[in-house]
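Below is one structure, written out as structure tokens; the observations come after it.
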Amino acid sequence: MDRPVIALKVDVDTWTGTRDGVPRLLEILQRLGIRVTFYFSMGPDNSGKAVRRIFTRKGFLRKMLRTRAPSMYGMRTMLSGTILPAPMIGTSFPHILRSCETMGHEAGIHCWDHVDWHDHLPRMGMEKVAAELNRAGKTFADIFGHPASTTAAPGWTISAASLAVQDGLSLSFCSDTRGEAPFYPMFDGRRFTTLQIPTTWPTMDETLGENGITPGNVNDHYLALLRPGLNVHTIHAEMEGMAMAKEFIDLLERLQERNARFITLGDAAAEFSANAPLHRIYMGEIPGRAGKVAIQGERV
Ligand SMILES: [Zn+2]
């Protein structure tokens, strides 16, 4: 059987995750000889504003309690952008961002303002979406010395406007969706030209607490999902790089025992995109996550 292939996508959402989670992940990945793709939030950390969802979104309080978000993320993050000012993430830690590339990893743009994108994208026009991505792109280019070649939307939240703006940025690929295999997107009746590399596994925060899955057996669950060909797993600097680092190391070691081959999403775009089909995207619900995400739908 062909070796299973794993592309790890690292979402970095917060100031604390960038400062503490990313260096911890870099140390783990270097020790195990694994290259990944980091997606950075470049602008203000307004994550404290996400607490508003306790009151506005069904299921969010349950999820917060289940994952014990306050103890996972820390009070600094929970209050950031509310009673504490929102610190700028990218410009606070340019050396940490650059170290990802110098250590052989790939880097791309998650967003300018994670909370703003996740909560307000459906109501943003093209100009506002372009302004968000251009601000993130300028900060990225200032830090890395070259433009970003890939983006990944916060919370798998997309719109026709975001896909159109991304098409205009001449990106190599994007990773905004949940699904099965790389594809070209169709949404709201329109075709778009930027390849999508979807996340194929559930995230750890979606998985824990569902169906009796605990930190002690979550990796058994992941290994059961491993299939031939490309598997894409999204991790978070704030989870796997912090409170869940021990479980993450165990997962990587067990995947290496299974002879898994680890590649970046850029490698995956090069290796698995030949004859990539056109698929519809729809916004739908997935187990363990409040709100809707962009899902790879039927082939067109
Ligand atoms: Zn994120």
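The values are calculated or read from the model by the stated rules, or taken from the named source; none is laboratory data. In this text the structure is predicted, and so the values were computed from the model without any measurement. Virtual Cβ from ideal backbone geometry, glycine too; neighbours counted across all protein chains shown. Quick note on the areas: whole protein, heavy atoms, side chains included, nothing else; ligands and nucleic acids left out. Shrake-Rupley method; radii C 1.70, N 1.55, O 1.52, S 1.80 Å.
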- Query: Among the numbered criteria (1) more than 16 Å from the ligand (Cβ to nearest atom); (2) open to solvent by less than 20 Å² (accessible area, probe 1.4 Å); (3) among the charged types (D, E, K, R), which single criterion is violated by E180?
  - Reply: (2)
- Residue match in region 158-170 (condition: part of a loop (DSSP other than H, G, I, E, B) and touching a helix residue (DSSP H, G or I) at 6+ places or on another chain (Cβ under 6 Å)): yes
- Note on the structure: Note on region 143-176: residues surrounded by 24 or more Cβ atoms within 10 Å (Cβ to Cβ), within 14 Å of the ligand (Cβ to nearest atom) and not hydrophobic (A, V, I, L, M, F, W, C) are T151, S175, D176
- Message: Please go through (1) modelled with pLDDT of 95 or more; (2) open to solvent by 50 Å² or more (accessible area, probe 1.4 Å) for L84 and return the number of the only condition it doesn't satisfy.
- Response: (1)
- Name the residues in region 232-244 that are at pLDDT 95 or above and either of a type outside the set (G, A, S) or open to solvent by 20 Å² or more (accessible area, probe 1.4 Å) (or both), would you? V232, H233, T234, I235, H236, E240
- Message: Go through (1) open to solvent by 30 Å² or more (accessible area, probe 1.4 Å); (2) part of a loop (DSSP other than H, G, I, E, B); (3) within 16 Å of the ligand (Cβ to nearest atom); (4) of a type outside the set (F, W, Y) for G212 and report which single condition fails.
- Response: (3)
- Task: Among the numbered conditions (1) surrounded by fewer than 17 Cβ atoms within 10 Å (Cβ to Cβ); (2) in contact with a Phe, Trp or Tyr (Cβ under 9 Å, 6 or more places away or on another chain); (3) farther than 14 Å from V5 by Cα, tell me where G229 comes up short.
- Result: (3)
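Residue by residue, here is whether (1) farther than 23 Å from E247 by Cβ; (2) buried (at least 24 other Cβ atoms within 10 Å of the Cβ); (3) within 14 Å of the ligand (Cβ to nearest atom) holds:
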| position | (1), (2), (3) |
| --- | --- |
| P4 | no, no, no |
| T16 | no, no, yes |
| L26 | no, no, no |
| R31 | no, no, no |
| D45 | yes, yes, yes |
- Could you please find all residues in region 101-142 being among the hydrophobic types (A, V, I, L, M, F, W, C), surrounded by 14 or more Cβ atoms within 10 Å (Cβ to Cβ) and in contact (Cβ under 8 Å) with a residue 60 or more places away in the chain? A107, I109, C111, W112, V115, A136, F140
- Message: Looking at the structure I just gave you, is E247 modelled with pLDDT of 95 or more and closer than 30 Å to E101 by Cβ?
- Response: yes
